[in-house]
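Here's the structure, in structure tokens; my notes come after.
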Amino acid sequence: MRTRSASWSDIPLELAGLVLRRLPAHVDRVRFAAVCPQWRAAARGVPPLPPPMPLLALPDGTVYSFPGSEPLRFPACAGYADACGGNWLAFSGEDGSGGFLRDPFSNATVTLPDLPRPAAAVVR
């Protein structure tokens with residue numbers, strides 16, 4: 001008689017959700033959801049997770065996730081000007097134009113409106 005070998009995708013969704021809640025790094029949460037469709041469903045069905053540990057993004061496009069992991073490379077994110085809420089990196093536009101925001105994980109981009117230029121000061 002042949003027995004079916006157990007698969008990690010067969011664990012109960014409730015148990016998968018408990019495992020996910022114990023992962024403090026955003027990168028590990030993304031990896032968790034990438035394991036299989038069942039774990040992705042578990043990730044969507046979990047009540048709000050505690051905030052993930054912060055990421056350290058360097059201007060060369062290298063990102064470190066805490067606690068300890070190998071550096072991640074996001075070459076398209078090299079040269080960012082600032083970081084803001086969530087995973088967004090801010091890039092300044094050419095010649096003072098509005099610029100854009102980019103999420104290095106999803107590669108989503110939001111174009112920002114041009115900023116008004118300050119009027120030149122008049123010296124008397």
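The values are calculated or read from the model by the stated rules, or taken from the named source; none is laboratory data. On a predicted model such as this, the values are computed, not experimentally measured, just so you know. For neighbour counting, all protein chains shown are included, and Cβ atoms are generated from backbone atoms with ideal geometry for every residue, glycine included. The protein model used for the area step is the full one, side chains on, heavy atoms only, and it has no ligands, DNA or RNA in it. Shrake-Rupley method; radii C 1.70, N 1.55, O 1.52, S 1.80 Å.
Within the range 52-111, the set of residues being closer than 24 Å to L20 by Cβ and free of Cβ contacts under 8 Å to residues at least 24 places away in the same chain comprises P54, L56, Y64, G68, E70, P71, G85, G86, W88, D103, S106, A108. In this entry, R21 passes the filter for residues that are without any contact (Cβ under 8 Å) to a residue 60 or more places away in the chain and either touching a Pro at 6+ places or on another chain (Cβ under 6 Å) or open to solvent by 60 Å² or more (accessible area, probe 1.4 Å) (or both). If you go through the range 35-47 and keep only what is farther than 22 Å from P67 by Cβ and in a loop (DSSP other than H, G, I, E, B), you end up with C36, P47. With respect to W8, determine if the residue is out of contact with any Asp or Glu (no Cβ under 8 Å at 6 or more places or on another chain) and of a type in the set (F, W, Y). In short, yes.
Considering the conditions (1) assigned by the TED database to the domain that holds N107; (2) part of a helix (DSSP H, G or I); (3) not charged (D, E, K, R), F32 is excluded by exactly one of them, (1). Of everything in the range 72-97 that's outside any loop (DSSP other than H, G, I, E, B) and of a type in the set (G, A, S), which residue is modelled with the lowest pLDDT? Once the filter is applied, the top-ranked residue is G96.
Considering only residues of the range 5-29 that are in contact with a helix residue (DSSP H, G or I) (Cβ under 6 Å, 6 or more places away or on another chain) and not in a loop (DSSP other than H, G, I, E, B), which is nearest to S69 (Cα to Cα)? My answer is L20. Quick check on the range 38-45. Is at least one of its residues open to solvent by less than 70 Å² (accessible area, probe 1.4 Å) and touching a strand residue (DSSP E or B) at 6+ places or on another chain (Cβ under 7 Å)? No - not one qualifying residue is present in the range 38-45. Here A33 meets the list (1) modelled with pLDDT under 80; (2) open to solvent by less than 40 Å² (accessible area, probe 1.4 Å); (3) under 28 Å from W8 (Cα atoms) almost entirely, failing just condition (1). Residue-level analysis places P75 outside the set of residues that are under 30 Å from S9 (Cα atoms), within 17 Å of the chain's Cα centre (by Cα) and open to solvent by 40 Å² or more (accessible area, probe 1.4 Å).
Residues in the range 59-71 that are open to solvent by less than 60 Å² (accessible area, probe 1.4 Å) and part of a loop (DSSP other than H, G, I, E, B): G61, S69, P71.
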